[in-house]
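The values are calculated or read from the model by the stated rules, or taken from the named source; none is laboratory data. Just so we're clear, the structure is a prediction, and the values are computed from it rather than from any experiment. Don't worry about glycine lacking a Cβ; one is built from the backbone with ideal geometry, like all the others, and counts go over all protein chains shown. Please note that ligands, DNA and RNA were not included when accessible areas were found on the heavy atoms of the full protein model with its side chains. Shrake-Rupley method; radii C 1.70, N 1.55, O 1.52, S 1.80 Å.
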4 protein chains.
Amino acid sequence: MTDKEVPLRAEDVAGWHRSLSNWERFGPGDALGTLHLVTPEKRRAAAALVRSGRAVGCARPLDTAASPDNLRPALHFMIGTATEGYGGDWLGVAPHGYAVSHIDALCHIFHEGRLYGGHPIDRVTAHGALELGIEALRDGVVSRGVLLDVPRLRGVPWLEPGEAIGPDELEACEAAAGLRVEPGDVLLVRTGRWAARAALGAWDPHERLAGLHARCLPWLHARGVAALGCDGVSDVVPSQVEGVRLPIHSVAIVAMGLHLLDNLDLERLAAACAEEARHAFLLTLAPLVLEGGTGSPLNPIALF
Amino acid sequence: MTDKEVPLRAEDVAGWHRSLSNWERFGPGDALGTLHLVTPEKRRAAAALVRSGRAVGCARPLDTAASPDNLRPALHFMIGTATEGYGGDWLGVAPHGYAVSHIDALCHIFHEGRLYGGHPIDRVTAHGALELGIEALRDGVVSRGVLLDVPRLRGVPWLEPGEAIGPDELEACEAAAGLRVEPGDVLLVRTGRWAARAALGAWDPHERLAGLHARCLPWLHARGVAALGCDGVSDVVPSQVEGVRLPIHSVAIVAMGLHLLDNLDLERLAAACAEEARHAFLLTLAPLVLEGGTGSPLNPIALF
Amino acid sequence: MTDKEVPLRAEDVAGWHRSLSNWERFGPGDALGTLHLVTPEKRRAAAALVRSGRAVGCARPLDTAASPDNLRPALHFMIGTATEGYGGDWLGVAPHGYAVSHIDALCHIFHEGRLYGGHPIDRVTAHGALELGIEALRDGVVSRGVLLDVPRLRGVPWLEPGEAIGPDELEACEAAAGLRVEPGDVLLVRTGRWAARAALGAWDPHERLAGLHARCLPWLHARGVAALGCDGVSDVVPSQVEGVRLPIHSVAIVAMGLHLLDNLDLERLAAACAEEARHAFLLTLAPLVLEGGTGSPLNPIALF
Amino acid sequence: MTDKEVPLRAEDVAGWHRSLSNWERFGPGDALGTLHLVTPEKRRAAAALVRSGRAVGCARPLDTAASPDNLRPALHFMIGTATEGYGGDWLGVAPHGYAVSHIDALCHIFHEGRLYGGHPIDRVTAHGALELGIEALRDGVVSRGVLLDVPRLRGVPWLEPGEAIGPDELEACEAAAGLRVEPGDVLLVRTGRWAARAALGAWDPHERLAGLHARCLPWLHARGVAALGCDGVSDVVPSQVEGVRLPIHSVAIVAMGLHLLDNLDLERLAAACAEEARHAFLLTLAPLVLEGGTGSPLNPIALF
């Protein structure tokens, strides 16, 4: 984090809830938020990026082992085995766990009693969300994906848990990658989290996690980022904003309608970007269609 | 079904297990089967198909209601609601259910004590499959998708449950679509199942389901289909082959290493193909990465 | 149902919510309701009933098959089998399903925004009930159990779905059994539901189910029943009270603090009572201790 | 552990598999094992023990928090809350977890390819156990319960993890309690595990757990114990027998047909025994009826 000047306060975040709001931008009843910036033209242009035909997935394997960052492990049970004469199974998953690669639906986060677009929070019931469920993305998201590889910029294998990334560093990554984040892009920011975990063992991400400083919010808005992914949860933890635990989750999802992709595994994508010598690619997100769901496990597929 | 000449027997299917086998084709330890036919060049060419930028998902929403075709309903429970201050949930799903859009891993089906490639079936244990699990597809599948719309060819809203499709009819669909299925394609065959269900109510698909006649197997092999999807389970039910319940599942998965995509929702894709006046598109499959899993729920994304 | 005089109205039920209320009876913060009537003396007296030493369980096996009365089937998956070297499994159950033998916690039912004792309903959150959870019964319930066998009285194998039982018939059963229901008893009422299901197949219990008419409520209160069990859900369905679907659930749980035991299997208990020539016995309920739970699957054990 | 003379070897355990076997004792097809020792007379005599009418449950609350001794936490999700108008929930549990109070079915443990009674282990399939499932106990277990409180004997709050209890110490506990364990008793042995956990935090019970030394096996057989419970898993960990991890599980379940009750919470029972000045009581076990199940969560109810 290089923006150390003046610490942010809750009022700053509250201000962004107003100044960065897209509630009036995409028409009444909007359920897609900044995904509107992914136009058919944008998709066409993204497809035109394909050159080598190399495909890379960005999902961490679903993790059935309890650990400090996986308190609600995935369940994987077999229904059919050698004995039954076929292979069959059953899967249980809490998408928002800190070790699960997933996408947040816009109903995932609340602010002052409201969801994105102003829906009252009691629309999120024990029978599922009645507004802004993940089924809004049943046609998936296809756009240009851009990887900003912060450890590579810094020349380190990973950012230490708790280290923050500011907008200036995002721009330095852009420069190093020879590109500029543009409207409709799905921006992926690598912190090297899973490399750190492989080396150091699991830790509690509620306490420390590398990620973006809240100061990046106006930058994300200005650039027209359509969706934001990270190998952490985008937010740096602690947030460095007193009284606000996850300011990026709060402003991005509730004010901007910007979908977040959490806990992606960007290690192999980073290696592919290095080998392909390019940091932009066709990216496809294919969430499960769960009506009233607050998110979905996700395996983003990059195609170079 | 127009191939009514001589009924097939179990010996014919056994013969195809030998004559259509790809066990020696893709090298030792192969876990991808006919997905090897999706080369980087194939992916590039598929991306070059994108013209309008229209995206269409092919997943049926996960279905939490018990019904004759959904005996193990999906579970969707809320962890967080208005009261808790965030929206969170939990999902349980048996991928191979007859109402779940999913992909079969190559470990899903056995034949004479063997999996694809000859692995003994005891490699599929109550702790998951030790070979050929769905994690082999962690980089997804991106290729040309082709929709063959049989009800459209026949001029009917849907095929009746139990009606079979033969290779001649697949070729008639090709002709009507002005294309030819080629090596590496992901072939999607529409029977209109979900339109039928919407009109008629749910029925037991163990008893009757429209699909491909086993006679299509040599054709699929000859054309080099990389993966086969259907709004049913590809196999017609009953199979019309005495003593073999699902011959396409058996030969395609175990002998050919050809992944099947079952219970897709192809209604909206068919409408899009009609409107776009084309039946080929870029198709992305993004299975969840479940180590040792026998399949995954799936939302295939077509891009025109 | 023999009480056909004047149909009940919602106002009658509302009146019982007041006149049969135990909210002030057992002291502030009460979480046990009429289980207070099961005193140590009552337990001693119940134990003194034991003569033959015959034990009979009253749970229907957990049912993993979807059916019209089992829309959320139990899940039973194996973790360990022959292959793994030990037998292990995993169980998922929705206790309140219509085919699950279970006990209702006092937080299960609401009336006019209140739980038993006046707690506001927002104490039942997506994180569990903060009041009146089933953990209040962690020491179980041990008392005299009494079976009133209505089909036996009527000389029929079972009551037809939808047939009601009035207080006069309960008293006729008492007379036939040569006993009187007394304060602190756990009263079990047999309708023969599972015999009917075995003969007729499953039906939708939301439409028709034999059970007690709401007119029994004052009688249950007067007799001091501590808990009420049935092979249905105690309430007759339809309720014969316009505008109130389950009046016994409503008044018994919310006003009286009377725990209900639903969907018990009383067939073998009835046979044992006939053979032992007695309809009273020592009964033990041992709910699982689930903090914040709204109920528990249950296997009541009768000892003659 | 006071029996420190000669360390046990795997051969000793193998010898007990023969010398303590009950395979021929209770007739062909037996599914109850030593529970046959709980005769109707035994139940009658147990009921006659009731004096004060005090009831105490012995289940630890189901634990939804991941920890080193709870790697597969219970799942508790709400189906109905204030918003839905009723309280409803769903429970998922892996009975054999090290923090779950449960009973082991006789199909839980294998030895040399066999279950109790000689059934081959392939009778335990991914569809459940075809022999010796927990449904054999659908009528519950009612007998005399006896608590042997080892920390009380030693004058310590708890045994240290890994400390062993030998048969001489069991007899010293008997003497202190003024009773003798007799045929058909359900024996409960307290190590103080949960008091230790409350004071020290959770640890990995695969590494260290107080419990009975394998040398107790002949003693359990000689006394005719019908079922054995513990606040650990009965076995001391490590077992002090080279090459055999859980000798008591192995010999008790497979050779003797002796059901084990693991991870009970005996703290409140111990306090009640002290206050009541007696260590024998009526004990009721009411397992869930899960056909093919390898065990059940359990809340044993003691009645003084």
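Panel note: the C-alpha atoms of segment C:44-112, placed on their principal axes, show extents of 50, 45, 22 Å (largest first). Averaged over peptide C:42-50, the number of partner chain Cβ atoms lying within 10 Å of each residue's Cβ comes to 5.
Distance between the pseudo-spin-label points of B:S52 and C:H206 (7 Å out from Cα toward the beta carbon): 3.9 nm. Given the options A:F110, A:F281, A:F77, state which has the largest fluctuation in a GNM of chain A using a 10 Å cut-off (strictly under) for Cα springs. Residue with maximal mean-square fluctuation among A:F110, A:F281, A:F77: A:F77. The charge dipole of the protein assembly as shown, taken about its Cα centre with unit charges on the Cβ of Lys, Arg, Asp and Glu (plus for the first two, minus for the last two), comes to roughly 0 debye.
Heavy atoms of chains D and C lose about 5500 Å² of accessible surface on contact, summed over both sides with a 1.4 Å probe. Shown for segment D:94-157 is the translational diffusion coefficient from the Stokes-Einstein equation, using the Kirkwood radius over Cα pairs, a temperature of 4 °C and a viscosity of 1.567 mPa s: 89 µm²/s.
In whole percent, how big is the carbon plus sulfur part of the accessible area of the protein assembly as shown, probe 1.4 Å, protein atoms only? In the protein assembly as shown, the share of accessible area belonging to carbon and sulfur is 51 percent. Where a ≥ b ≥ c are the square roots of the eigenvalues of the C-alpha gyration tensor, would you call segment B:51-172 rounded, which needs a/c under 1.5, or, failing that, prolate if a/b is larger than b/c, or oblate? Oblate is the answer for segment B:51-172, as a/c is 1.5 or above yet b/c matches or exceeds a/b.
For A:P120, the point set 7 Å out from Cα toward Cβ sits 1.4, 6.4, 6.5 nm from its twins in the other copies, listed from shortest up.
Just to confirm my numbers, what's the Cα centroid distance between segment B:117-174 and segment C:198-255 in Å? Here the answer is 50 Å between Cα centres.
Summary for B:E41: label point 7 Å along Cα→Cβ; distances to the equivalent points in the other copies, ascending, 3.5, 8.8, 9.5 nm.
Note: relative contact order over chain D, using C-alpha pairs below 8 Å and six or more positions apart, is 31 percent.
For segment C:90-192, applying the loop criterion from DSSP together with a ceiling of 16 other beta carbons within 10 Å to the trypsin sites (Lys or Arg not before Pro) yields C:R180. All Cα-Cα separations within segment D:189-304 were binned at 5 Å from zero, giving a P(r) of 2, 10, 18, 21, 21, 16, 9, 2, 0, each value a whole percent of the pairs. Mean per-residue shielding of peptide B:197-203 is 0, counting Cβ atoms of other chains within 10 Å of each Cβ.
Solvent-accessible surface of the protein assembly as shown, taken per residue with a 1.4 Å probe and all protein chains present: 32 Å². Orientation-averaged projection of segment C:188-238 equals 3.6 nm² [convex hull of Cα atoms, one quarter of hull surface area]. Both the radius of gyration and Dmax for the protein assembly as shown are 31.9, 93 Å, in that order, over alpha-carbon atoms.
Note on D:I121: accessible area is roughly 40 Å² with a 1.4 Å probe, heavy atoms of protein only. When A:G178 is represented by a point 7 angstrom out along its Cα-to-C-beta vector, the spacings to that point in the other copies are 3.9, 9.1, 10.0 nm, nearest first. Computed extension length for B:E112-B:E171: 18.0 nm, one decimal, from 0.36 nm per residue of separation with the Cα-Cα distance subtracted. Per residue, chain D reaches -5500 deg cm²/dmol at 222 nm when only DSSP H runs of four or more residues are counted, each adding -39500 (n - 2.57). If the Kirkwood radius is taken over C-alpha pairs of segment A:129-192, then at 10 °C and 1.306 mPa s the Stokes-Einstein diffusion coefficient equals 116 µm²/s. The alpha-carbon of A:K42 sits under 13 angstrom from the alpha-carbons of these aspartates and glutamates, leaving out residues fewer than 8 places away in its chain: A:E182, A:D185. Note on C:A271 and B:L130: their simple-model spin labels are 4.5 nm apart, each label 7 Å out from Cα toward Cβ. Summarised as an ellipsoid, chain D has semi-axes of 27, 24, 21 Å, derived from the eigenvalues of the Cα gyration tensor scaled by 5 and square-rooted, with the largest first. Taking only alpha carbon atoms, segment A:1-57 gives an Rg to Rh ratio of 1.18, where Rh is the Kirkwood radius. With respect to the axis relating copies D and A by rotation, the chain D residue whose beta carbon is closest, plus that distance in Å, is D:A66, 2. Considering only A:E276, A:E169, A:E135, the mean-square fluctuation computed in a Gaussian network model of chain A, springs between alpha carbons under 10 angstrom, is largest for A:E276. Given springs between every Cα pair under 10 Å in a Gaussian network model of chain A, which of A:G145, A:G15, A:G85 has the largest fluctuation? Result: A:G85 has the largest fluctuation of those listed.
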